[in-house]
Amino acid sequence: METIQRFSHRIFPLTFTNKSFRAISRAHILTRPVNGHPQPVIGPILTAPRRSHSSGLASRAGWFIGMGDKKKKNPLPDIVKAGDPVLHEPAQEIRPDEIGSDRIQKIIDDMVKVMRVAPGVGLAAPQIGIPLRIIVLEDTKEYISYASKQETEAQDRRPFDLLVVINPKLKKIGNKSAFFFEGCLSVDEFRAVVERHLEVEVTGFDRNGQPVKVNASGWQARIFQHECDHLEGTLYVDKMVPRTFRTVKNLDLPLAVGCPKLGVR
């Protein structure tokens, strides 16, 4: 997820069928420079300029099938863009006995690196072309420092350490929600207002295969919802408030008449 709003305004030895390979093309988190610093995007979310890690379909597919780009050492996978089938179809669950495999661990390591390089506050496996139910999230004091105190207080945004959740199941808590801008590395240079629940409970497994449970609120809850949506083949634009979609350049322009005000409901 791109680091949402203004910067926030603006998250195995497995057996694949031929259909799964067809859905994988390798290709979240946007940044607007502030005082010369790249800001992360949600997801839940900012994006900085990114280097291209591929040139053509063969090299993009190579990361997954073990061919790779011989000119680079340990190249990172690209971020998949909107329109690729892997972003619009449900991801597959991982069997508990597969979590500790080298392949799954490598996917997790790559996801964390891609998220941090972007930089962003969240990323889902489909965003690097892998149709598996894995999400990684992290929000730091540095990222938060790029936004105004007024914004972060309104968003109830606080730093948290790296979280890796496999096969996450999200449960919405309570009836309170909030409207804020979101962005996504898979939908470059755009933002839109999305309504999200203020509190959620997420259960699943960590990278060691141990059960994990997280009770999240505020901005962290938004990031969880954004990333879990990716695992269902849903992008934030599928849930955006009508008439709020805009370019990053126009982010600070007023919302159209009739659109909900940003904040908690």
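Values computed for the structure shown
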read-out: Relative packing of peptides 219-225, 255-261, 233-239 - highest average C-beta neighbours within 10 Å first; value: 219-225, 233-239, 255-261
read-out: Exposure proxy order (Cβ contacts within 10 Å, fewest to most) of Asp206, Asp78, Asp139; value: Asp206, Asp78, Asp139
read-out: Positive-end extreme of charge dipole, the stretch 156-222 - chosen from Trp219, Gly174, Cys184 (charges on Cβ); value: Gly174
read-out: Whole-Hz ³J(HN,Hα) from phi, Karplus 6.51 cos²θ - 1.76 cosθ + 1.60, for the stretch 197-203, glycine and proline x; value: 5, 7, 9, 9, 10, 10, 10
read-out: Cβ-defined net charge surrounding Lys239, 12 Å radius [Lys, Arg +1; Asp, Glu -1]; value: -3
read-out: Cα shape, the stretch 81-228, gyration tensor, a/c 1.5 rule; value: prolate
read-out: Which of Phe160, Phe181 has the fewest Cβ neighbours within 10 Å, and the rest in rising order; value: Phe160, Phe181
read-out: Cross-link reach list, aspartates and glutamates versus Lys141, counting only Cα pairs under 12 Å and skipping chain neighbours closer than eight places; value: Asp161
read-out: Cβ-Cβ FRET estimate between Ile173 and Asp206, R0 fixed at 25 Å, reported to 0.05; value: 0.70
read-out: Rg/Rh for the stretch 94-171, where both radii come from Cα atoms and Rh is the Kirkwood radius; value: 1.05
read-out: Rounded Å value of the spacing that divides the Cα centres of the stretch 166-230 and the stretch 243-265; value: 21 Å
read-out: Two-decimal log10 I(q)/I(0) for the stretch 117-156, as the Debye equation yields it once each C-alpha is a single scatterer, q = 0.18, 0.19, 0.21, 0.25 Å⁻¹; value: -0.62, -0.66, -0.73, -0.84
read-out: Ranked by how many other beta carbons lie within 10 Å on average, peptides 121-129, 186-194, 93-101, 81-89 from highest; value: 121-129, 186-194, 81-89, 93-101
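Every number here is computed from the coordinates shown, using simple stated rules; none is lab data. Quantities reported herein were computed from a predicted structural model and do not represent experimental measurements. So basically every Cβ, Gly included, is an ideal-geometry build from the backbone, and we count neighbours across all protein chains shown.
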